[in-house]
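One structure follows; several queries about it will come next.
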Amino acid sequence: MPVGIRKIVSANRRICCVLALILVSGLLVPTLLSGADDKVHITYWEKWSGFEADAMRRTVEQFNRSQNKVVVEFLSLSSVDRKALIATAGGDPPDVVGLWAYNVYSFADRDALQPLDDFIRAEPTPSGGQASTPEQWLARYEPVYADMCTYRGRVWAGLSTPSMTALHWNKAMFRAAGLDPERPPRTLAELDAFAEKLTKRDPKTGEVVQLGFLPQEPNWFAWAYPLWFGGQLLDGDKITIGTDPHNLQCYQWVESYTRKYGLDQVRAFSSGFGNFASPQNAFLSGKVAMEFQGVYMNNFIRQFRPGMEYGVTAWPTAAPGLDDFTVADTDLLAIPRGAKHPREAWEFIKFISSANLNAQREDELSGMELVCYLQGKNSPLRQWSPFFEQHHPHPYIGVFRQLARSPHAVHLPKMGIWQEYRRETDTMFDAVRLLAESPEQALAFCQRRISESWSWHRKSLERRSSDIANRPLTRALQTTAVPGLSLMGRGNPDELTPNGKPNVPLTNAPLPLGERVRVRGHEIIAKSP
Amino acid sequence: MSPKSKLARLIVYALLFGGAAIFLFPFLWLVATSLKPAEQTMSLPPTWLPRAYYATIDGKRMEVTRDYPAPDRPGYWHITEKPAPKTLAGKPTSAIVSAAEIETKIQPRWDNYHTALATMGGRRPTSAEGAVGVDAQVTFFTFLRNTLLVCVLGVIGAVFSNALIAYSFAKIRWRGRDTMFVLTLATMMVPFPVLMVPLYGVFKWLGWIGSLRPLWVPAFFGSAFNIFLMRQFFRTIPEELSEAARIDGCSEWGIFWRIILPLSKPVIAVVALFHFLWAWNDFLGPLLYLTRRHTFTLALALQDYQSQGGGVQWHYLMAATVVVIIPIVVLFFLTQKTFIKGIATTGIKG
Amino acid sequence: MTSREKHNLRHGLAFCSLWFVGFGVFTIYPVLASLYYSFCDYSVLQQPLWIGIDNYRRMSTDVVFWISLKNTLVFAALSLPAGMIVSLSLALLLNTEVRGMPIFRTIFYLPSVVPIVASALLWLWIFNGQFGILNWALRPILGLFGATPPTWFADPAWAKPALALMSVWGIGNSMVIYLSGLQNVPQELYEAAEIDGANWWRRIWHVTLPLTSPVIYFNLIMGIIGTLQTFTTVFVMTGNADGNPARSTLLYALYLFSTAFYDLRMGYASAMAWILFVLIVALTLLATKLMEKRIHYGG
């Protein structure tokens, strides 16, 4: 080869070596290391932002200061459930994750969370005994909230913050319409009648300029409307959305509102509703006089329409005997499978699940009460400290506490396909209120679809349990550092808790150590890991 | 084509300005929103210019927000003091004043840009507000650095690998080459959802989930679209040049490096630019593969301008968007001639 | 094989080696794996379990699947032609020699680089039924005919046209490719046509279009592949991945995503992904067959 080209080729070779070096070093770039002290650092992923995240951040700091073994690193993420899903599937999940309730049930179905039963059993009882039972531990919460923590016979999560809904009404608008501002509607008939009085139209064009009530504003609780009418979404393990006659009544009522005011009118009027978190919120700007909302609504009233005169009360009775109906919900803290520090995660969950019940001043608030106080929500604990009770920022927090104790407080059905069920009911609600389908059609369609999904889901779970029986139980026996052995298998699919009724059947007792046990054809020795 | 008559010129200009106005309009709205204070971003009916209202409450003159017309007094507005207190405990002062008493000024909020960048990715503006651990150190510059890393490494990989591969398809006659090329083109038709989860599995097996590697390493292994572009271009380079070099005793690599590549500057520019533009705004990849905030890219960090109630802080989101796209706009503006000519010379003619 | 052929094979494979890795690891393996998953019950969180063609059987009776497929095809039928006509027209316009062309080209390219998160929400605002700027402009015009503008995304019948309009805004990339194709049309042909007495429209029809037909074909194929996979815009606009109102904007990729990540049925989603692949290939072959006669490959 001519000298020139040889030189260039060797120069090129040098360039290639450099490029290869960049590539290799890029591959070897080390990731950030965590803290270098000897405390255990655990990660906590949460869905909130803004002041709600701040509230939890402060509580996390309180926990970090209260002991010197565990440091919680708080991370606020959007779509935390999807990120947690991907991280858990990838084997690198956070230690604590703040999920929505329905996530917990569907993750638990797929063996993606660690149950808390063994941690609870290692705790002392309130009276100073040795091992708590889950019932004893859950007794700290109001029943409707305690029920949401359990699923298929196990406790899967602790509460982070709860919420409770009530009928909010605009007292000033009541007064202007000639209604007694201190008397909200108590029955469905009254609700409709009051709504009629509170509806105003433009005398010239006939367009709606104010509505007393609109079922779609907000549509966050539309899934619960059938329950409000006394219907059922899930009965045992049967889907009843299309078969329960109360559900049909409910959707006929929804349809009636659009028919009353005219589809185009309602559509035009509602497209002028502003964002929820803005002064143009339909309720805040006086476009709608009554709506169902949660305990957090007060925060937005204070921010966007301070001084607004409003009241809260239970949902008006829509079915005979179903008084003081309300919808409860909560966010949960769970420990994903594969978390590196489940013990320490439990310590944090324990902290958030308790409070200083003697607090007389704001700086004495702790744990659950601190978070709920800062977020303006009710505390799910049965007992409240004096300061929380008397100085809570929400003027009507007492009403919400009463509602939490109502025997007719419901929560979402605990099933692994709730997200899909919810989407179907929301679509059905839209179709009915837009008069695109008749209630019968919509309900029949929803019934068919969800029944199919439900039987598919159950078949899928059965398939897995029989598959586990044919494989070495290596995965099922992967335990955390917990005394006693518990089998992290699937529960009996027929052990479903009917929705809305507090029922905490817990059947797993720890196996006696050292014994030989036959489990599904395999012999294992229960021993502490 | 060059319009000859004055009328033709006029029509062309009219169409250009008209079209530009339509295309520019949403972008102008984006910029306008980025300069508004929070409560004016989503006002109905929409307004273009950011305003500031001043009034006197309790004898003190202050900036206020104009909330809503007072229900029982026409011509009067309910106003509230601004800035709103940060904690729940304080109650902002409010009053009802007549419209005449409110002074309105046009005031663009340029500090939105600063705050948007400071709080990007959900970060707290100052650690005094309670940032813990790694969270506090992640700033706009972290996201920028990650994005640049991914883009630049990706560009190097894309140019390097695709040039090599396209050379083999264009300039070397080997058995099975044409079948392989058709297969290569077929991969362009594979929709991303087909690849999504198994690719995630591959990266999980490699242990790369949570790092930036899944975003730039695949660029070093070729991509059908770029192979196609470069191969088309190489085919326009006369075979005689390579033949002459071969006779001179040059190796295949030498021909590639010394002859073909220097002549390929246009298509290299195109591949580099296309990849850079795509990687800069790529959102699905980072969404799937990145878990720790300090590894996020700009596109992903834009997701996190959330505020209470699950709403979006529009003004910050738009401000950050403007900052994120300015580099690309500038890049495109400066390189468009090369860009367009480069694609032209590949002769996308099959 | 002759020694020349052996030499070529060795070098060909050597230069192509990176692609073999890329093709094998990043394309073939995922394609085959997702084919396997499509026959499995797989929830991402647990190992896949073989169930045969159950996923496909379920798909055939899944009403929402067919709705999403129909929505996607309708959307493609609206946005593809609109996009291609607009981007070609714009490219023709931007190919003229007037002052300030780089600025105009940048302006028309600009929308395609705006992150979709921002632009999707921006357009939701513009399309607002009561207060959006679009309706504010349309109301007086339609008022002359006694009609009112539609409520766009609040109306199931108008949601897809609104989406299609949105997609036209982001055609920067295909416009640039058309521009390059136009630059390859030799000036002499235009001059010859002018001499023959052709006006601007006939010049376009008889010179420009045939000579840029390869580019048109390329953009059509890329358009088919891209439009059928539209995801991010609808995802950002409908929030809970439902294609509301009343599932009118439930596009195929959106349904796939929610099945995979919300309902945790990745096996079913993989089956859907494969059906999409088959559909794309089929449409591409169809388009190729239809355009075969009209593509002129120049020298």
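The values are calculated or read from the model by the stated rules, or taken from the named source; none is laboratory data. In this text the structure is predicted, and so the values were computed from the model without any measurement. Using ideal geometry, Cβ is built from the backbone for each residue, glycine included, and neighbour counts are taken over all protein chains shown.
For every residue, the table says whether it meets (1) modelled with pLDDT under 90; (2) farther than 17 Å from A:Ser160 by Cβ.
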| position | (1), (2) |
| --- | --- |
| A:His41 | no, yes |
| A:Trp45 | no, no |
| A:Ala53 | yes, no |
| A:Thr59 | no, no |
| A:Phe63 | no, no |
| A:Glu73 | yes, no |
| A:Leu77 | yes, no |
| A:Asp81 | yes, no |
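Test A:Asp426 against the stated conditions and say whether it is acidic (Asp, Glu), at the interface with another protein chain (Cβ under 8 Å from one of its Cβ atoms) and either more than 30 Å from C:Leu254 (Cα to Cα) or buried (at least 19 other Cβ atoms within 10 Å of the Cβ) (or both). Quick ask: steps written out before the conclusion?
Working: acidic (Asp, Glu): yes; at the interface with another protein chain (Cβ under 8 Å from one of its Cβ atoms): yes; either more than 30 Å from C:Leu254 (Cα to Cα) or buried (at least 19 other Cβ atoms within 10 Å of the Cβ) (or both): no.
Here the answer is no, as A:Asp426 does not meet what is asked.
Take the stretch A:352-387 and flag every residue that is within 18 Å of A:Gly294 (Cβ to Cβ) and surrounded by 24 or more Cβ atoms within 10 Å (Cβ to Cβ).
If the condition is that a residue be within 18 Å of A:Gly294 (Cβ to Cβ) and surrounded by 24 or more Cβ atoms within 10 Å (Cβ to Cβ), then A:Met368, A:Val371, A:Cys372, A:Tyr373, A:Gln375, A:Lys377, A:Asn378, A:Ser379, A:Pro380 are the ones that fit.
What residue, among those in the stretch C:33-48 that are free of Cβ contacts under 8 Å to residues at least 12 places away in the same chain and facing another protein chain (nearest Cβ under 8 Å), is farthest from B:Pro193 (Cα to Cα)?
C:Gln46
Here's a follow-up. Within the bounds of the stretch A:220-238, is there any residue that is within 14 Å of another protein chain (Cβ to nearest Cβ), closer than 26 Å to A:Trp418 by Cβ and in contact with a Leu (Cβ under 9 Å, 6 or more places away or on another chain)?
Our first condition is that a residue be within 14 Å of another protein chain (Cβ to nearest Cβ); within the stretch A:220-238, this holds for A:220, A:222-223.
Narrowing further to those that are closer than 26 Å to A:Trp418 by Cβ: A:220, A:222-223.
This time we only want the ones that are in contact with a Leu (Cβ under 9 Å, 6 or more places away or on another chain), so: A:223.
Checked against the condition, which is being within 14 Å of another protein chain (Cβ to nearest Cβ), closer than 26 Å to A:Trp418 by Cβ and in contact with a Leu (Cβ under 9 Å, 6 or more places away or on another chain), the stretch A:220-238 yields at least one hit.
Select from the stretch C:130-151 the residues that are surrounded by fewer than 15 Cβ atoms within 10 Å (Cβ to Cβ) and polar (S, T, N, Q) and list them in ascending order.
Within the stretch C:130-151, just C:Thr148 meets the criteria.
Name the residue that is farthest from the other protein chains (Cβ to nearest Cβ), counting only residues in the stretch A:361-382 that are in contact (Cβ under 8 Å) with a residue 60 or more places away in the chain and more than 14 Å from A:Ser163 (Cα to Cα).
A:Arg382
Among the helices (runs of 4 or more DSSP H) contained in the stretch A:71-157, which hold 2 or more residues that are over 30 Å from A:Ser49 (Cβ atoms)? Full working, then the answer.
Details: elements: A:80-89, A:101-109, A:117-121, A:134-138, A:143-149.
Result: A:117-121, A:134-138.
Looking at the stretch B:126-137, can you tell me whether even one residue there is more than 10 Å from chain A (Cβ to nearest Cβ) and at pLDDT 80 or above?
Looking through the stretch B:126-137, none of the residues is more than 10 Å from chain A (Cβ to nearest Cβ) and at pLDDT 80 or above.
Still on this structure, I have one more. If we scan the stretch B:174-182, do we find a residue that is in a loop (DSSP other than H, G, I, E, B), at the interface with chain C (Cβ under 7 Å from one of its Cβ atoms) and among the charged types (D, E, K, R)?
Yes; the residues of the stretch B:174-182 include at least one that is in a loop (DSSP other than H, G, I, E, B), at the interface with chain C (Cβ under 7 Å from one of its Cβ atoms) and among the charged types (D, E, K, R).
Another question about this same structure. Could you say whether any residue in the stretch A:211-221 is among the aromatic types (Phe, Trp, Tyr) and closer than 20 Å to A:Ala431 by Cβ?
yes
Which of the residues that make up the stretch C:1-22 are assigned to a helix (DSSP H, G or I) and either in contact (Cβ under 8 Å) with a residue 12 or more places away in the chain or of a type in the set (Ser, Thr, Tyr) (or both)?
Answer for the stretch C:1-22, where residues must be assigned to a helix (DSSP H, G or I) and either in contact (Cβ under 8 Å) with a residue 12 or more places away in the chain or of a type in the set (Ser, Thr, Tyr) (or both): C:Ser3, C:Ser17.
Same structure again: If you check C:Pro102, C:Pro115, which single one turns out to be within 19 Å of B:Phe332 (Cα to Cα), facing chain B (nearest Cβ under 7 Å) and touching a Ser or Thr at 6+ places or on another chain (Cβ under 7 Å)?
Testing whether each residue is within 19 Å of B:Phe332 (Cα to Cα), facing chain B (nearest Cβ under 7 Å) and touching a Ser or Thr at 6+ places or on another chain (Cβ under 7 Å) leaves just C:Pro115.
Would you check if there is a residue in the stretch C:6-21 being surrounded by fewer than 21 Cβ atoms within 10 Å (Cβ to Cβ), among the basic types (Lys, Arg) and more than 24 Å from the chain's Cα centre (by Cα)?
Yes: one or more hits.
Per-residue answers, yes or no, for (1) facing another protein chain (nearest Cβ under 8 Å); (2) assigned to a helix (DSSP H, G or I); (3) more than 30 Å from A:Ala55 (Cβ to Cβ):
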site: B:Gly249; (1), (2), (3): yes, no, yes
site: B:Ile255; (1), (2), (3): no, yes, yes
site: B:Ile260; (1), (2), (3): no, yes, yes
site: B:Leu277; (1), (2), (3): yes, yes, yes
site: B:Gly285; (1), (2), (3): no, yes, yes
site: B:Leu300; (1), (2), (3): no, yes, no
site: B:Gln303; (1), (2), (3): yes, yes, no
site: B:Tyr316; (1), (2), (3): no, yes, no
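Please work out if A:Trp156 is farther than 18 Å from C:Phe261 by Cβ, in contact (Cβ under 8 Å) with a residue 24 or more places away in the chain and of a type in the set (Phe, Trp, Tyr). So that I can check it myself, show each step before the final result.
Details: farther than 18 Å from C:Phe261 by Cβ: yes; in contact (Cβ under 8 Å) with a residue 24 or more places away in the chain: yes; of a type in the set (Phe, Trp, Tyr): yes.
Yes: the conditions hold for A:Trp156.
Anything in the stretch C:278-287 that is free of Cβ contacts under 8 Å to residues at least 24 places away in the same chain and within 12 Å of chain B (Cβ to nearest Cβ)? List them, or say none. Steps first, please.
The first filter runs over the stretch C:278-287 and keeps only residues free of Cβ contacts under 8 Å to residues at least 24 places away in the same chain, leaving C:278, C:281-282, C:285-286.
Matches in the stretch C:278-287: C:Val278, C:Val281, C:Ala282, C:Leu285.
Given the stretch A:209-281, what helices (runs of 4 or more DSSP H) lie entirely inside it while holding 2 or more residues that are surrounded by fewer than 18 Cβ atoms within 10 Å (Cβ to Cβ)? Break it down into steps so the answer makes sense when it comes.
Values: elements: A:225-228, A:245-261, A:263-270.
Here the list reads A:245-261, A:263-270.
Tell me, please, whether a residue that is modelled with pLDDT of 85 or more, touching a Leu at 6+ places or on another chain (Cβ under 8 Å) and part of a helix (DSSP H, G or I) can be found in the stretch B:337-347.
No, the conditions are met nowhere in the stretch B:337-347.
Report, ordered by the first and then the second residue, all pairs with beta carbons closer than 8 Å, sequence separation of six or more or different chains, a first member in the stretch B:285-307 that is farther than 20 Å from B:Leu153 by Cα, and a second member that is basic (Lys, Arg).
Close Cβ pairs satisfying both conditions: B:Thr291/A:Lys83.
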